[in-house]
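Comments concern the structure below.
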6 protein chains.
Amino acid sequence: MIYKLFEALDKKFAVQRASAHCDVPCGIYDPITAQIAALTVVRMVDLMHGLEAEGVAYQNSMSRYVLVKEEHAEKAKHEIRVIWGDYIKAQHVEQFPELHELTHKIMQFGSKSRQTADREAAVAFVENINKFADIFWATKGIATKRAKAPYAPALEMVYPNL
Amino acid sequence: MIYKLFEALDKKFAVQRASAHCDVPCGIYDPITAQIAALTVVRMVDLMHGLEAEGVAYQNSMSRYVLVKEEHAEKAKHEIRVIWGDYIKAQHVEQFPELHELTHKIMQFGSKSRQTADREAAVAFVENINKFADIFWATKGIATKRAKAPYAPALEMVYPNL
Amino acid sequence: MIYKLFEALDKKFAVQRASAHCDVPCGIYDPITAQIAALTVVRMVDLMHGLEAEGVAYQNSMSRYVLVKEEHAEKAKHEIRVIWGDYIKAQHVEQFPELHELTHKIMQFGSKSRQTADREAAVAFVENINKFADIFWATKGIATKRAKAPYAPALEMVYPNL
Amino acid sequence: MIYKLFEALDKKFAVQRASAHCDVPCGIYDPITAQIAALTVVRMVDLMHGLEAEGVAYQNSMSRYVLVKEEHAEKAKHEIRVIWGDYIKAQHVEQFPELHELTHKIMQFGSKSRQTADREAAVAFVENINKFADIFWATKGIATKRAKAPYAPALEMVYPNL
Amino acid sequence: MIYKLFEALDKKFAVQRASAHCDVPCGIYDPITAQIAALTVVRMVDLMHGLEAEGVAYQNSMSRYVLVKEEHAEKAKHEIRVIWGDYIKAQHVEQFPELHELTHKIMQFGSKSRQTADREAAVAFVENINKFADIFWATKGIATKRAKAPYAPALEMVYPNL
Amino acid sequence: MIYKLFEALDKKFAVQRASAHCDVPCGIYDPITAQIAALTVVRMVDLMHGLEAEGVAYQNSMSRYVLVKEEHAEKAKHEIRVIWGDYIKAQHVEQFPELHELTHKIMQFGSKSRQTADREAAVAFVENINKFADIFWATKGIATKRAKAPYAPALEMVYPNL
């Protein structure tokens, strides 16, 4: 019986959702926050592999890099979840059927980037978020470009053409 | 060129992911945290509609209910994202192809439950998380049962048979 | 004089508290959150002692285990404080006079579990929280059972019989 | 059997705890943080009752006062829990047998101060924390004095004589 | 005597600071996060003044707008403090002597934007952060442009020319 | 044009700010929180240099010291920013023209204390915050004294004469 109620609820909201353009508080979604956070993950990986200190200084820096990597990987995952879960609607998924899979992949590269200091995983994390940004701006009818980030590691980032 | 590198990375990790059973820190995933949080959302909705105080006392209680509702809706969404993003692997999605869609729906009912004091949306939030819990325990080969939660609102919850 | 005022206040609220069944927002207290968090502490201790990586990979994993251990020990302490401080009333303490001492002991095993990677301390942390869960469910008239947790480390946990 | 193990663990740590003077990271415990937070709760209650704005301005201020009250009541409870749970040892409880009961009472006045805009409850919250501060400094052999706080509401506060 | 030690320390670090290009973890500072957060503050002010719901729905939305406004005003202030306190060095202040005053003004418009629902204050908050962004990119030798934000309220934002 | 609007806004608020004594929620600012946090940073540095454990125990303690150091350095910086940004007004800066520079210096010693385990930097962090406290209490017309902190490291602290 509870399932029936549920099916009914689903139908009711499906209609509402189809007609809604965005949630309130509507609309200041921007993937740049996730992109910067993911780039920071790559930066921390680079710092970890390049660290030359010893003893207490080594421990101090290494623990901090891991901590910052951890926080920014989580931040990037969180930001993407918010856009995917709050902004992306059924009609967007119809238009870009890869959206669920791509979001799931971002989560997994985020996990990998926390569990390891593997630079390739961190770069793939950035790049999948770039792909997500491309789609996001496309749903808003805004063209994008690629440019190097103005800070190390100067990976290519997707930016809206404003 | 960066896309090629990326495709290569994807292939590399796809293999790794297929063979990995769980991320490290492995394995203490439990949907009960999300279920309790979603139930709290329903509770807050009930308290909001039943509030009979006036003036400062009304404002104090109402603001707090909204705040608690907000926090627990977010908490439930976060917990589901963690299980979906960190624990769920490609082989699980093959077995339960509705997983991406269900997770996305949970996010949307979570949004709805924050934006409104609509009891039906909050109940649907709980119920979709119950469905997620069912699948989660199935991936672990653990049977589930349904029982009323031992606190108001005593909605049916999915529990593992331990 | 301020003390007199205070005594007066105490009397006033003592009466109110005796008649109150629960705080608003009433009632969705559940020790399972603390139990899972404490179990996670044991898991991290096991991972720390079993870690076989070297260099950067070692530092990355070790720092993360310590961090997760830290967070979950704190989370378990916090959750127990909330139940003890918000739900437990004078009449419960009359019925279970060990409650204050038990809660204090949980805090201390929590501290010990943060300060060390001592598995016995972490197990005692879990077990004292199990005892607390037993009492909690007894105050609600709900029987409990013991069963192995469905994830490593599969320690015995106290669950309500629902 | 698990209980036996547990009893054994308890004995082992009881000895260690008796000889330990403080946890590491040892010793920068100071109740002033909790005292200031509780005073802030009283301040918010005063502002709530004195608010004269209307419409959006009223809602903006009232929601903020409730939010700040909520956060500082929680902060005060948290800080007291930390001192009680991490610093207070069995020998302190022998010397000041009211410590558990007092801490529990602080938690309850903290709850009351969140649930209501009752000034007497908030003042009792401050005053019980003052009592706790008195005992805390006594365990360190440091005398205390009472003086009015140098900010509104200028309630009497317990300070160490430094 | 402690002052003398302090003067000596100051001199020592003054030299170090003059030669340091950036703190480690170096360099991924970007004012866009603060800019987006401040824009969100303006958006919330607009939503607050345009809210047409009643009763529980009114309270639910209004409390949430205030909460989001509060969080994003704080976030913007925090982000600017980080860039000002961690990235900006003595040589930047020599080059842009208004930096301290501008940062202080941003903090004050942030406070004003939290205390009120005054749109002019919120717009001034955004605009001062735009000024800060202009200076920030100038210290890096990167030209900027002005363009409308791609989301409501479509205020002009300062962006780097990448 | 947007600049003109901005100038107009500035003028408007400049007048308001000059006449305002403090922001609402007014007035419970106290630098003691920042002072205690900075002292904790020194304590962590001392513990880091004195750590004698090995292996897992070493990693556990070291990671925790770094983490606590990180959190308290940030906390001290945050608290000073709040007082400087919310309480300090133009008239205070006229009276104490070193305020901006001093606050900036505190931020930099905070960064240094996070990046290194340099005791001199941490002590300078404490001492600059002491200077800030001196000025803060002077703006309130409250005399201060210097006394050793009642916990290790027993550095001299600035306290108000209450």
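Distance from the B-onto-E rotation axis is smallest for the Cβ of the chain B residue given, in whole Å, as B:SER63, 3.
In this structure, the residue pairs whose Cα-Cα separation is over 32 Å, taken from A:LYS140/D:LYS69; C:LYS69/E:LYS75; B:LYS105/D:LYS69; A:LYS140/F:LYS69, are A:LYS140/D:LYS69; B:LYS105/D:LYS69; A:LYS140/F:LYS69. Amide H to amide H, with H built 1.01 Å from N, A:THR144 comes under 5 Å of A:ASN161, counting only residues 5 or more places away or on other chains. With Cα atoms defining each centre, the stretch A:106-121 and the stretch B:24-79 are spaced 32 Å apart in the structure.
Shape class for the stretch F:35-162: prolate, because the ratio a/c of the largest to smallest gyration tensor axis (alpha-carbon atoms, square roots of eigenvalues) is 1.5 or more and a/b beats b/c. Across the identical copies, the label point of B:GLU98 (7 Å from Cα in the Cβ direction) is separated from its matches by 2.8, 4.6, 6.0, 6.0, 7.0 nm, in order from shortest. Listing D:TYR159, A:TYR58 from fewest to most neighbouring C-beta atoms within 10 Å gives A:TYR58, D:TYR159.
Straight Cα distances below 16 angstrom link A:LYS145 to the aspartates and glutamates A:ASP30, A:GLU127, A:ASP134, A:GLU156, with same-chain residues fewer than 8 positions distant left out. Take B:GLY55, push a point 7 Å out from Cα through the beta-carbon direction, and compare it with the same point in every other copy: 2.4, 2.4, 6.7, 6.7, 7.1 nm, smallest first.
Here the Karplus relation 6.51 cos²θ - 1.76 cosθ + 1.60, evaluated at θ = phi - 60°, turns the backbone of the stretch F:125-141 into coupling constants of 4, 4, 5, 5, 5, 4, 4, 4, 4, 4, 5, 3, 5, 5, 5, 9, x Hz, with x for every Gly and Pro. Computed from backbone phi with θ = phi - 60° and the Karplus coefficients 6.51, -1.76 and 1.60, the 3J(HN,Hα) list for the stretch B:28-40 is 8, 9, 8, x, 4, 4, 5, 5, 5, 5, 5, 4, 5 Hz; x is used for glycine and proline.
Can you tell me how the stretch D:90-162 classifies by the Cα gyration tensor, rounded, prolate or oblate, using a/c under 1.5 as the rounded cut? It is oblate, given that a/c is not under 1.5 and a/b is not larger than b/c. Across the stretch F:116-124, coupling constants 3J(HN,Hα) worked out from phi with the 6.51/-1.76/1.60 Karplus curve, θ = phi - 60°, read 10, 10, 7, 5, 4, 5, 5, 5, 5 Hz, and Gly and Pro carry x. Is the shape of the stretch A:68-116 rounded, prolate or oblate, going by the alpha carbon gyration tensor and its root eigenvalues a ≥ b ≥ c, with a/c under 1.5 for rounded and a/b larger than b/c for prolate? Verdict is oblate for the stretch A:68-116.
Take D:ARG146, push a point 7 Å out from Cα through the beta-carbon direction, and compare it with the same point in every other copy: 3.3, 5.0, 6.0, 6.1, 7.2 nm, smallest first.
Every read-out reported here was derived from the displayed coordinates using simple, explicitly stated rules and does not represent laboratory data. Quick caveat: nothing in here was measured; it's all calculated off a predicted structure. Here Cβ is always computed from backbone atoms with ideal geometry, including for glycine, and neighbour counts include all displayed protein chains.
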